[in-house]
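Structure record follows, encoded as structure tokens.
The values are calculated or read from the model by the stated rules, or taken from the named source; none is laboratory data. Predicted model, so just to flag it, every value in this text is computed and none were measured. For neighbour counting, all protein chains shown are included, and Cβ atoms are generated from backbone atoms with ideal geometry for every residue, glycine included. Only protein heavy atoms, including side chains, enter the accessible area calculation; ligands, DNA and RNA are left aside. Shrake-Rupley method; radii C 1.70, N 1.55, O 1.52, S 1.80 Å.
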Amino acid sequence: MKVNSYQNIRIFVLVLFILFSLQKSSAQYDDFWSNVRFGGNIGFGISGNTFSGVIAPSAVYDFNEFFSAGLGLNFGYTDGLNFTGTNYGGSIIALFNPIQEIQASAEFEQMGVSRTIDRDIPNLENYKENYWYPALFVGLGYRINFVSVGLRYDVLYDETKSIYANAYAPFVRVFF
């Protein structure tokens, strides 16, 4: 009989330990989500016969008032007179705020690119290419509350493969 009582006490203690552990992890879980901010980029452009659009949601975790890091998804589409392009992928971003108004950033982006150039020349096929393109941006911006405006530079820029017109790109970054 003493063996069963001893086992019951052990089971009771184990159940209490598990319940308290779950309570602690639940509190950490709630604390985690209170430090996550969501945002990203939505944009479009129309120029002559060309349309271009992008949607890029992202989320960052605020480790403290100076440093945040997170992930993002990217999708873009361009349709021109003889050109169509689609790009899709993801990114990892790190943000550093040495003072509240200044934001330095580093972002690695990996994009799948699909391009088609329509040829209007008889007996010449359309030109199509599909490839992956990496970009590594370093940037500096001015921050007011949840909006940052600045300039970033792609240190891996390749003018023949990049989806961007040049290595420098302005940005407006929003995280709520």
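Worth a mention:
- Average Cα contact separation per residue, the stretch 118-165, under 8 Å, 6 or more apart, as relative contact order %: 28
- Length gained on full extension, THR50 to PHE176, computed as 0.36 nm times the residue gap minus the Cα-Cα distance: 42.2 nm.
- Whole-percent carbon and sulfur share, accessible surface of the stretch 49-139, 1.4 Å: 62
- Entry note, the stretch 49-176: relative contact order of 17 percent, from Cα contacts under 8 Å with a spacing of 6+ residues.
- Net length gained if the chain between TYR131 and ILE42 were fully extended (0.36 nm per residue, minus Cα distance): 29.7 nm
- Residues PHE44, PHE67, PHE171 ordered from highest to lowest accessible area at a 1.4 Å probe: PHE44, PHE67, PHE171.
- When you count the other C-beta atoms within 10 angstrom of each residue and take the mean per peptide, 160-170, 53-63 line up highest first as 53-63, 160-170.
- Local electrostatic count at TYR164 - Lys and Arg +1, Asp and Glu -1, tallied over other residues with Cβ under 15 Å: -2
- A 1.4 Å probe run over the stretch 44-113, with the rest of the protein chains in place, finds 53 Å² accessible per residue.
- Label point distance in nm, ASN82-PHE108, each placed 7 Å from Cα along Cα→Cβ: 3.8
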